[in-house]
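The values are calculated or read from the model by the stated rules, or taken from the named source; none is laboratory data. Just so it is clear, the model here is predicted, and its values are computed rather than measured. Every residue, glycine among them, receives a Cβ derived from its backbone with ideal geometry; neighbour counts consider all protein chains shown.
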Amino acid sequence: MTTANKLTLLRMALIPVFLGVLYAGFPSCRYWALGVFIIASLTDTLDGYIARHYNQITNFGKFMDPLADKVLVLSAMCWFVECGQMPGWALAIVLFREFAVSGMRLVAVEQGLVIAAAWSGKVKTASTMVCLCLMMLNIPAWLNLACIVIIVATTVYSGIEYFIKNAQVFKNAD
């Protein structure tokens, strides 16, 4: 198993730790959970760098790395919805985009096409992770709202871009 894949597995293992700390409810749990979330988020950058720089790109990594990112981010967002800090519709938009892009990739694979990650998708992931980190802090309501707007806007933009740039996938579909 490559170092990059080990980091991806570490990120997956940190997700229940992150949630466990949040749900523990002790006085500084959000700060501890933020630390776990930051470590997990940094493994995303690090495993991608290692995979590309040291030629450790694997099919396992191609599958698990984006899955780990989605589960980490969506876990945090579900918690924010549950505690009333994020509206459910914002989470629904993110879920819709993730399912739609994943579905499009499945259709593309059946046609022998590979849809590479777009720059806007990377910006969406990074900005979402930063916003979720901020939301774990005791921030004013206007900044929390700004984070939600950024998450939704980058999600919608990157989703639209994926579909426009890869429209041929649906033209070739039966």
- Top-ranked residue of the range 119-136 - restricted to ones that are touching a helix residue (DSSP H, G or I) at 6+ places or on another chain (Cβ under 7 Å) and β-branched (Val, Ile, Thr), ranked as modelled with the highest pLDDT: 128
- Item | Index of the failed condition, residue 115 passing every other in (1) touching a residue at least 60 places away in the same chain (Cβ under 8 Å); (2) over 23 Å from residue 148 (Cα atoms); (3) touching a Lys or Arg at 6+ places or on another chain (Cβ under 6 Å) | (1)
- What number of residues within the range 80-118 are part of a loop (DSSP other than H, G, I, E, B) and at pLDDT 95 or above? 5
- Count, please, the residues in the range 123-135 that happen to be among the aliphatic types (A, V, I, L, M) and crowded, with 21+ Cβ neighbours inside 10 Å. 3
- Inspect the range 137-148 for any residue being in a helix (DSSP H, G or I), modelled with pLDDT of 95 or more, in contact with a Pro (Cβ under 9 Å, 6 or more places away or on another chain) and crowded, with 18+ Cβ neighbours inside 10 Å and give the result as yes or no. yes
- Message: Please count how many residues of the range 46-95 are within 16 Å of residue 132 (Cβ to Cβ), in contact (Cβ under 8 Å) with a residue 40 or more places away in the chain, of a type outside the set (A, V, I, L, M) and surrounded by fewer than 19 Cβ atoms within 10 Å (Cβ to Cβ).
- Response: 3
- Task: Would you be able to tell me the number of residues in the range 154-174 that are surrounded by 13 or more Cβ atoms within 10 Å (Cβ to Cβ) and free of Cβ contacts under 8 Å to residues at least 40 places away in the same chain?
- Result: 2
- Message: If the requirement is being among the small types (Gly, Ala, Ser) and under 27 Å from residue 166 (Cβ atoms), which of these qualifies: 76, 116?
- Response: 116
- Item | Check on residue 51, in contact with a helix residue (DSSP H, G or I) (Cβ under 9 Å, 6 or more places away or on another chain), part of a helix (DSSP H, G or I) and either modelled with pLDDT of 95 or more or among the basic types (Lys, Arg) (or both) | no
- Task: Evaluate the following for residue 120: is it surrounded by 15 or more Cβ atoms within 10 Å (Cβ to Cβ) and either more than 27 Å from residue 170 (Cβ to Cβ) or of a type in the set (Phe, Trp, Tyr) (or both)?
- Result: no
- Note on the structure: Expected single match for part of a helix (DSSP H, G or I) and under 16 Å from residue 126 (Cα atoms) among 9, 74 is 74
